[in-house]
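Down below is the structure, laid out as structure tokens.
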Amino acid sequence: MINNEDLAYLKEQLGFWDKLSQKEKQLLVSNVYSINYKKGENLHGRDKDCVGHILVKSGELRVYILSEEGRDITLYRLTPGETCVLSASCVMNYISFDVLIDAEQDTEVLLLNIGAFGMLKEGNIHVENYAYKVAADRFSDIMWAMEQILFASFDKRLAVFLYDESARNKSNKINLTHEQIAKYVGSAREVVSRTLKNFESQGILKLSRGNLNIINKEKLRELI
């Protein structure tokens with residue numbers, strides 16, 4: 001069960017709440033749990049059961065795929081207020097591939113277990129429509145990520161990532177290591193380091209240990 005604060009957050013974030021019957025609301029509330037994950041902890045993966053519908057309350061999650069050779073590609077990240085239905089793929093018949101989900105920071109989520117989510121989706125058209133919409137939005141993110149990897153030059157991919165990351169955090173300072181950036185853009189750390197040093201030589205940014213600072217956003221945007 002969840003407390004009143006979590007319930008209020010749930011009502012605010014789930015667009016279908018007002019379309020549920022009283023019985024469906026009771027089913028949902030009695031099957032939602034507040035769970036805390038430590039940074040680096042895996043929530044969902046190949047060897048784990050289908051967990052259900054995830055709503056991020058604080059922190060950040062990374063959704064990615066992993067090749068047999070161990071290379072991973074970040075598909076998208078989830079921040080507070082965002083949801084994931086790919087973690088409920090076992091009741092989403094149109095989803096036929098596995099993703100992994102890790103906590104990028106200490107993260108609190110509200111988790112609707114898979115049984116209740118499946119019952120609500122099957123019994124209420126508004127929940128089903130919501131699930132389709134969230135899945136469609138996420139597949140749009142996935143297609144964008146694949147398009148960047150397949151068709152964009154690495155300079156452009158990295159510039160887009162840095163520009164978006166700056167906008168997302170509302171800061172020109174990006175507190176990520178080269179290893180973390182490489183993970184997010186689907187490349188090797190050495191390639192990221194070399195390209196960042198090139199950007200630094202052009203006066204676009206200033207590198208520091210564990211972070212970087214964008215000092216000329218117009219030049220960065222010209223690369224996009």
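The values are calculated or read from the model by the stated rules, or taken from the named source; none is laboratory data. This is a predicted model, so every value here is computed, not measured. So basically every Cβ, Gly included, is an ideal-geometry build from the backbone, and we count neighbours across all protein chains shown.
Among (1) touching a residue at least 40 places away in the same chain (Cβ under 8 Å); (2) small (Gly, Ala, Ser); (3) surrounded by 14 or more Cβ atoms within 10 Å (Cβ to Cβ), there is one condition GLY115 misses while meeting the rest; what is its number?
(3)
Please count how many residues of the stretch 180-220 are in a helix (DSSP H, G or I) and touching a residue at least 60 places away in the same chain (Cβ under 8 Å).
So the count comes out to 4.
Just the residues that are hydrophobic (A, V, I, L, M, F, W, C) and closer than 16 Å to VAL109 by Cα, please, taken from the stretch 1-39.
Within the stretch 1-39, MET1, ILE2, LEU7, ALA8, LEU10, LEU14, LEU28, VAL29, VAL32, ILE35 qualify.
Taking ASP164 as the residue in question, decide whether it is at pLDDT 90 or above, charged (D, E, K, R) and either farther than 28 Å from ASN216 by Cα or assigned by TED's automatic domain parsing to the domain that holds LEU207 (or both).
In short, yes.
So which of ILE149, ILE142, ILE224 ends up being modelled with pLDDT under 95 and assigned to a loop (DSSP other than H, G, I, E, B)?
Within the list ILE149, ILE142, ILE224, the selection yields ILE224.
For the stretch 88-119, how many residues meet the condition of being part of a helix (DSSP H, G or I) and modelled with pLDDT of 95 or more?
Number satisfying all stated conditions: 0.
Counting just the residues of the stretch 194-223 that are aliphatic (A, V, I, L, M) and either loosely packed, with under 15 Cβ neighbours inside 10 Å or within 21 Å of the chain's Cα centre (by Cα) (or both), which one comes out nearest to TYR64 (Cα to Cα)?
Top of the filtered list is LEU207.
Checking ILE35 against (1) under 18 Å from the mean Cα position of the chain (by Cα); (2) farther than 20 Å from ALA8 by Cβ: exactly one of these is not met. Which one?
(2)
Condition (residue is at pLDDT 95 or above, touching a strand residue (DSSP E or B) at 6+ places or on another chain (Cβ under 8 Å) and either surrounded by fewer than 16 Cβ atoms within 10 Å (Cβ to Cβ) or not assigned by TED's automatic domain parsing to the domain that holds ILE142 (or both)) applied to the stretch 183-193: is it met by at least one residue?
no
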